[in-house]
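The values are calculated or read from the model by the stated rules, or taken from the named source; none is laboratory data. Nothing here was measured: the structure is a model prediction, and the numbers come from that model. Cβ: placed from backbone, ideal geometry, glycine included. Neighbour counts: every protein chain shown.
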Ligand SMILES: [Zn+2]
């Protein structure tokens, strides 16, 4: 059964791409929930832990909140304005948004256009991965990486946090995949990638702190680059760092000039790392070969 399905997909690439696109839409819908709820779950845990360490009692409201069941599945999504529970029919990625005209079916409050955009972008990026790797295990692994990067990008953008619960499993997944040769990265390159990825930003962070007395980025950034290094091997680290700092610097300078944004307000670096990581994941080899010549980096 599964074997037949795989053979069918290999013979009909169009069906495979459409399937991945639809799965991408559905996953994008789930990512919207993760992006919204994971920071709330984390902040609630921080609060409980902090109060425990300080030996303070939770207030009555905080106690209630701590006992309430709140995770990525429970409770069902509701309209933040009127509390209307989103029905299955209203939860079809992109389609429902268009049918509802971007408004809650009950109170007509505006629904952020961000939700369908994230669903659509997830579907498009998923399809890019499928086109690149075809009907292989590499596509399956690559989709997992892509989905994690999308969630990390948006969570960092919203909250300046890169949750350990996503970055750390990504590091281990990258190392494990290298053991099975899913990508063209061996175990040694993967482990060096994780170590150097973490260390390189750690050095930048402490150097920056010594020079300016300010903190330029967070520990989450180190772990994210460690994960990208584990997936793609140490050789890809310079490409990722170069890309992310280049784009990050341009966006940062533009924001300071155009929006008069205080240059001391931290701008999350995670989205640039994630975007550069995705580009390097699909096209990094070509970039390395084009700029450095095939021989220079042969292992
Ligand atoms: Zn409503």
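Does residue 132 qualify as being within 16 Å of the ligand (Cβ to nearest atom) and either outside the structural domain of residue 199 (by TED's automatic domain parsing) or surrounded by fewer than 19 Cβ atoms within 10 Å (Cβ to Cβ) (or both)? Even if it seems obvious, please write down each step before you answer.
Numbers: within 16 Å of the ligand (Cβ to nearest atom): no; either outside the structural domain of residue 199 (by TED's automatic domain parsing) or surrounded by fewer than 19 Cβ atoms within 10 Å (Cβ to Cβ) (or both): yes.
Here the answer is no, as residue 132 does not meet what is asked.
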Considering (1) under 30 Å from residue 217 (Cβ atoms); (2) away from the ligand (no atom under 16 Å from the Cβ); (3) in the same structural domain as residue 34 (by TED's automatic domain parsing), say which one residue 159 fails and leave the rest.
(3)
Failed criterion for residue 75 (all others in (1) assigned to a helix (DSSP H, G or I); (2) touching a strand residue (DSSP E or B) at 6+ places or on another chain (Cβ under 9 Å) hold)
(1)
Selection within the stretch 107-125 - touching a strand residue (DSSP E or B) at 6+ places or on another chain (Cβ under 8 Å) and crowded, with 19+ Cβ neighbours inside 10 Å:
111
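Would you mind stating whether residue 96 is within 16 Å of the ligand (Cβ to nearest atom), within 25 Å of the chain's Cα centre (by Cα) and at pLDDT 90 or above? Give the derivation first.
Values: within 16 Å of the ligand (Cβ to nearest atom): yes; within 25 Å of the chain's Cα centre (by Cα): yes; at pLDDT 90 or above: yes.
So residue 96 passes the test.
Find the helices (runs of 4 or more DSSP H) located wholly in the stretch 181-295 whose residues include 3 or more that are without any contact (Cβ under 8 Å) to a residue 40 or more places away in the chain, and list them.
On the way: elements: 187-212, 219-232, 237-258, 270-292.
Passing ranges, in order: 187-212, 237-258, 270-292.
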Condition (residue is in contact (Cβ under 8 Å) with a residue 60 or more places away in the chain, within 16 Å of the ligand (Cβ to nearest atom) and touching a helix residue (DSSP H, G or I) at 6+ places or on another chain (Cβ under 8 Å)) applied to the stretch 108-128: is it met by at least one residue?
yes
Go through (1) closer than 30 Å to residue 94 by Cα; (2) surrounded by fewer than 14 Cβ atoms within 10 Å (Cβ to Cβ) for residue 179 and report which single condition fails.
(1)
Quick one: is residue 104 within 14 Å of the ligand (Cβ to nearest atom) and touching a strand residue (DSSP E or B) at 6+ places or on another chain (Cβ under 9 Å)?
yes
Residue 91 is checked against (1) buried (at least 16 other Cβ atoms within 10 Å of the Cβ); (2) within 16 Å of the ligand (Cβ to nearest atom); (3) in contact (Cβ under 8 Å) with a residue 40 or more places away in the chain and fails just one. What number does that condition carry?
(1)
Search the stretch 79-88 for residues being under 15 Å from residue 33 (Cα atoms) and surrounded by 13 or more Cβ atoms within 10 Å (Cβ to Cβ), and hand back the single one that is nearest to the ligand (Cβ to nearest atom).
79
Scan of the stretch 1-46 for residues that are more than 19 Å from the chain's Cα centre (by Cα), surrounded by 15 or more Cβ atoms within 10 Å (Cβ to Cβ) and farther than 25 Å from residue 137 by Cβ, ordered by number
44
